[in-house]
1. Name the single residue that is farthest from E66 (Cα to Cα) among those in region 29-45 being surrounded by 13 or more Cβ atoms within 10 Å (Cβ to Cβ) and of a type outside the set (G, A, S).
2. Identify the residue in region 29-83 that is touching an Asp or Glu at 6+ places or on another chain (Cβ under 9 Å) and among the aromatic types (F, W, Y) and, among all such residues, is farthest from R101 (Cα to Cα).
3. Using the structure shown, decide if R72 is among the basic types (K, R), surrounded by 14 or more Cβ atoms within 10 Å (Cβ to Cβ), at pLDDT 95 or above and within 12 Å of the chain's Cα centre (by Cα).
4. Counting only residues that are closer than 17 Å to I109 by Cβ, in a loop (DSSP other than H, G, I, E, B) and within 12 Å of the chain's Cα centre (by Cα), how many does region 1-47 have?
5. I'd like the full set of residues that are in contact (Cβ under 8 Å) with a residue 40 or more places away in the chain and either open to solvent by less than 50 Å² (accessible area, probe 1.4 Å) or in contact with a Lys or Arg (Cβ under 6 Å, 6 or more places away or on another chain) (or both), limited to region 75-104.
6. Specify the residue that is nearest to P3 (Cα to Cα); the eligible residues are those in region 49-66 that are of a type in the set (D, E) and at pLDDT 95 or above.
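The values are calculated or read from the model by the stated rules, or taken from the named source; none is laboratory data. Here the structure is a predicted model, which means the values were calculated and not measured. In this analysis, Cβ positions are derived from the backbone assuming ideal geometry, glycine residues included, and neighbour counts consider all displayed protein chains. Ligands, DNA and RNA are excluded from the accessible area calculation, which covers all protein heavy atoms including side chains. Shrake-Rupley method; radii C 1.70, N 1.55, O 1.52, S 1.80 Å.
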Amino acid sequence: KPPEEAVAERAQERLDLLIAQDYEAAYEYLSPGYRSGVTLNDYQRRMLRQRMQWTDATVTQSDCSEDACKVRISMAYAVYGAVPGVSRFDSKAVSTEDWVRSSGQWYFIPSN
């Protein structure tokens, strides 16, 4: 498969896992370098403490060089407790993610 197609499929799989709140499976999509410094338990705790929850997400574009891609995501999300008196705030956004190929597989590189 061309890199754009392969990374788009893998990125969408990860997004679907985040929406399902399957953080253990989503962890496997993180780059090996990131996982070497952040344990699964730490990642799960961080994800569970977030006020934001993804409610929908779709890969809309991927632009790749040989071993790196920028993946554009259209997403919907809910933020809990962000505004006093409002328990849930729903919004939409577009985001760009960085992905790299390592040992033949594509991995997401978190920005933080």
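1. Q44
2. Across region 29-83, the extreme among qualifying residues is Y77.
3. yes
4. 3
5. Listed by number, the residues that qualify are M75, E97, W99, V100, S102.
6. Looking at residues that are of a type in the set (D, E) and at pLDDT 95 or above, I get D63.
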